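Comments concern the structure below.
The values are calculated or read from the model by the stated rules, or taken from the named source; none is laboratory data. Bear in mind that the values here come from a model prediction, so they are computed numbers and not experimental data. Cβ placement follows ideal geometry from the backbone for every residue including glycine, while neighbour counts extend to all protein chains displayed. These area figures cover heavy atoms from the full protein model, side chains too; ligands, DNA and RNA do not enter into them. Shrake-Rupley method; radii C 1.70, N 1.55, O 1.52, S 1.80 Å.
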Amino acid sequence: MIFLNRIFVGIFALPLALNTSDLQVSDSRETQPYRAFPDSEYIREPLNFRLPDRGRPGDRTSQAGGRGNCTKDTQITALVPSQNWGYTLSDRPSFWFYLTASKDSSWSAEFELQDHQKNRLVELSLTVNPGLIEVTLPEDIALEAAETNYSWRFSLICEPSDRTGDLVVRGQVLKRELDQDLQAQIRDKSGRDLALIYAANSIWFDLLTLLMQLQEEEPQNPLYTEDWQKLLEAIGLSQ
């Protein structure tokens, strides 16, 4: 079950298992009822995420050795492909992480974003809870340069007085150029139609955020649950 808890601008946490078979939103908005899909040329296609042919395998998971606020079962996982790299079309993509922990308490964390010249663009101090974590960029920060790699780092702080024990995951995001072909594909598309196009074109960050939004809007829709599981299987994070 997912409970949506917006902490402050820039982050919200969804304490849940990665298997999102049951979704319930607990904020002030009404949960949208399940509704049948309209006719669509894409809607019955399976979601098949195409892994980008670039990047290199990295450590997208960091687990505690049992120090400070982090017990031995505390683990942070970046929801990214195994290459720790992905495309976005957005000026301000969301970055998703999953915190596993036995105790239901809050942790301090940091998120940092650098450009290709290692200039720090963002450094956010966060408070996070176990479950899914979404980090969004401030309004005044944007990925402006197309076809450029930006590096990000997420650190879970186990012991504030000794930062050598932080749980750290890293990766890169590339702002993809919206060429004429891709622009034609996504024109007038929304919902699952748009998700299928993102998947076919390796647009990882936008696809993940869109699937989370679709599940939040229609938590009882089994197709979105299936899409979520297929996406996790594609990147080797299924349970």
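Summary of values
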item: Some residue of the stretch 172-187 being open to solvent by 60 Å² or more (accessible area, probe 1.4 Å), among the polar types (S, T, N, Q) and without any contact (Cβ under 8 Å) to a residue 12 or more places away in the chain; result: yes
item: All helices (runs of 4 or more DSSP H) inside the stretch 179-227 with 2 or more residues being among the small types (Gly, Ala, Ser); result: 191-200
item: Cβ pairs under 8 Å, 6+ apart, first in the stretch 195-220 and more than 15 Å from residue 185 (Cβ to Cβ), second among the basic types (Lys, Arg); result: 214/192; 218/35
item: Unique match (being open to solvent by 20 Å² or more (accessible area, probe 1.4 Å), of a type in the set (Asp, Glu) and within 19 Å of the chain's Cα centre (by Cα)) among 110, 134; result: 110
item: Any hit, the stretch 205-219, residues being in contact with a strand residue (DSSP E or B) (Cβ under 8 Å, 6 or more places away or on another chain) and aromatic (Phe, Trp, Tyr); result: yes
item: Filter pass, residue 91 being over 21 Å from residue 194 (Cβ atoms), in contact (Cβ under 8 Å) with a residue 12 or more places away in the chain and not β-branched (Val, Ile, Thr); result: no
item: Test: residue in the stretch 143-158 that is over 18 Å from the mean Cα position of the chain (by Cα), open to solvent by 70 Å² or more (accessible area, probe 1.4 Å), without any contact (Cβ under 8 Å) to a residue 40 or more places away in the chain and over 19 Å from residue 90 (Cβ atoms); result: no
item: Any hit, the stretch 126-141, residues being part of a loop (DSSP other than H, G, I, E, B) and among the β-branched types (Val, Ile, Thr); result: yes
item: Test: residue 162 is at pLDDT 90 or above and open to solvent by 10 Å² or more (accessible area, probe 1.4 Å); result: no
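For (1) part of a strand (DSSP E or B); (2) open to solvent by 30 Å² or more (accessible area, probe 1.4 Å); (3) touching a helix residue (DSSP H, G or I) at 6+ places or on another chain (Cβ under 6 Å), each residue gets a yes or a no:
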{"residue": "72", "(1), (2), (3)": "no, yes, no"}
{"residue": "86", "(1), (2), (3)": "yes, no, yes"}
{"residue": "93", "(1), (2), (3)": "no, no, yes"}
{"residue": "102", "(1), (2), (3)": "no, yes, no"}
